[in-house]
Amino acid sequence: MKNIKRFACAALAAVVAFCAFPAYSTNAATYSELQTKRKNLAASTDKAKKEIESIKNKQLSLEDEMAVLDKGLQSMQAELDEATADLNYLTERLTEAENELAEATEQRDAQFELLGSRMRFLQQKGSSGYLEILFEAESFSDLFLRMQYVNDIMGYDKEILDELQQIQETIQEKTDEIAENHAEQEAVVAIQQEKVDEMNEVVAQKKAIWDSYESDLAKYEKLVKANEANDAAILRQMNALSSPTAVYSGNGQFTWPVPGYSRISSEFGYRTSPISGKREFHNGLDIPGGYGTAIVAAEAGTVTYAGWMNGYGYTIIIDHGSGLTTLYGHNSSLVVKKGQKVSRGQQIAKCGSTGWSTGNHCHFTVSKNGSAVNPHNYL
């Protein structure tokens, strides 16, 4: 029972590891099985690359969107700062007005107290209080001055009280006005702060999406690298097996276009297409090679085409004169340009699987006066 459990755990662990990143073992595999594995790897890699491209496009779109949001947030933050500054100013004004109101009230109360003491004095003395002041006059002019003095005191008290009352009313009006503006500005600041908080939340959500894109991008890029490493391992195993078709003999005028790789996976002539599954005429040789392996010119000549060609992916065509041309397709990248003179054996591209391809290889076509001929007659 324990052995069964151990076996089940080991099997589950193997399944999990396989699902995370496909890792193909080439031990004891047939050539056909290896081809199938490479085809599956190519499909997985192509899908991963499409996902990478899609994620990068999404990132570009999101980056533009976040730039607009950042500008909007900066503008809203500036408005909030301005509103907050206005509120702080009104707070200071309100405090000053309240202090002035308290001071005016204190002065009024003191004046009321002084006037009250005088009124109490007069109430106690009756009219004799002012009469005593007048009777103490030593001359008519002194009497006149004393009468004016009493009148001035009474007028001054009234004037002071009226002035204090007016000051208090003015300060109260200003205090009420400032308090009202203060309340309104507080409401403005609260609304602006709410807008800024909402915008910050949106920005945070966009950044979270960006982080998820980065995580997915890293996952797919890791998958592509793992697939390329597995493909190289399978290709090495395939090269070690017997060729299901043929190996070039090397008795022609052209040098071999994929140095170090002599196997041919698909011959010149009719075959079943690995892409469509239909019978088709194959106008060249398919020579498997490791990703990035040097592809060389079969003979000296002039590059007449260097770029993308439907079906063949990144392609090089060389004119060797006398009506002979050679084509090298499915490259991962090109190292020469149109119009460039190349020598026999010079590197012109790097092996890949671009275009309609199920794995890394060089499609090699020889044409005579515009018609494809069997490359074996020239290699």
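The values are calculated or read from the model by the stated rules, or taken from the named source; none is laboratory data. What you see is a predicted model; the values in this text were computed from it and never measured. So basically every Cβ, Gly included, is an ideal-geometry build from the backbone, and we count neighbours across all protein chains shown. SASA here: full protein model, heavy atoms, side chains in, ligands and nucleic acids out. Shrake-Rupley method; radii C 1.70, N 1.55, O 1.52, S 1.80 Å.
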*asked:* What are the pairs with Cβ atoms under 8 angstrom where one residue, in segment 289-310, is among the acidic types (Asp, Glu) and the other, located anywhere, is open to solvent by 20 Å² or more (accessible area, probe 1.4 Å) and part of a strand (DSSP E or B)? Sequence gap at least six, or different chains.
replied: Glu299/His320
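One line per residue, one yes/no per condition, for (1) open to solvent by 10 Å² or more (accessible area, probe 1.4 Å); (2) modelled with pLDDT of 95 or more; (3) not acidic (Asp, Glu):
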site: Thr302; (1), (2), (3): yes, yes, yes
site: Gly323; (1), (2), (3): yes, no, yes
site: Gly329; (1), (2), (3): no, yes, yes
site: Val335; (1), (2), (3): yes, yes, yes
site: Ser371; (1), (2), (3): yes, no, yes
site: Asn377; (1), (2), (3): yes, no, yes
*Could you identify the single residue in Glu138, Glu180, Glu132 that is charged (D, E, K, R), at negative phi and at pLDDT 75 or above?*
Glu180
_Of the conditions (1) out of contact with any Pro (no Cβ under 9 Å at 6 or more places or on another chain); (2) buried (at least 17 other Cβ atoms within 10 Å of the Cβ); (3) at pLDDT below 80, Asn283 satisfies every one except a single condition; which number is it?_
(3)
*Which members of segment 69-101 meet the condition of being at pLDDT below 85, within 20 Å of Trp210 (Cβ to Cβ) and open to solvent by 100 Å² or more (accessible area, probe 1.4 Å)?*
Lys71
*Say we look at segment 199-226 and pick out the residues that are modelled with pLDDT under 90 and among the polar types (S, T, N, Q); which of these is most open to solvent (accessible area, probe 1.4 Å)?*
Gln205
_Quick check on Tyr248: is it at pLDDT 80 or above and either of a type in the set (Phe, Trp, Tyr) or at positive phi (or both)?_
no
*Out of the residues in segment 257-293 that are of a type in the set (Phe, Trp, Tyr) and not in a strand (DSSP E or B), state the one that is farthest from the chain's Cα centre (by Cα).*
Phe268
*Mind listing whichever residues of segment 173-198 are more than 19 Å from Glu79 (Cβ to Cβ) and open to solvent by 70 Å² or more (accessible area, probe 1.4 Å)?*
Glu173, Lys174, Asp176, Glu177, Glu180
_Any pair with Cβ under 7 angstrom, 6 or more apart, that starts in segment 36-63 at a residue that is open to solvent by 60 Å² or more (accessible area, probe 1.4 Å) and ends at one that is part of a helix (DSSP H, G or I)_ = Lys49/Val224; Glu51/Tyr220; Lys58/Tyr213
_Conditions (1) more than 26 Å from Glu228 (Cβ to Cβ); (2) outside any strand (DSSP E or B); (3) touching a Pro at 6+ places or on another chain (Cβ under 9 Å); number of the one not met by Gly359_ = (1)
*What pairs come up if the first residue lies in segment 247-265 and is under 13 Å from Cys351 (Cβ atoms) and open to solvent by 50 Å² or more (accessible area, probe 1.4 Å), the second is of a type in the set (A, V, I, L, M) and at pLDDT 90 or above, and their beta carbons are under 8 Å apart, counting only those six or more places apart or on different chains?*
Pro259/Ala294; Pro259/Val296; Tyr261/Ile287
*Give me the pairs: first residue in segment 204-220 and within 13 Å of Ser54 (Cα to Cα) and in a helix (DSSP H, G or I), second residue open to solvent by 60 Å² or more (accessible area, probe 1.4 Å) and not acidic (Asp, Glu), beta-carbon distance under 8 Å, and six or more apart or on different chains, which are they?*
Tyr213/Lys58; Leu217/Lys56; Tyr220/Lys49
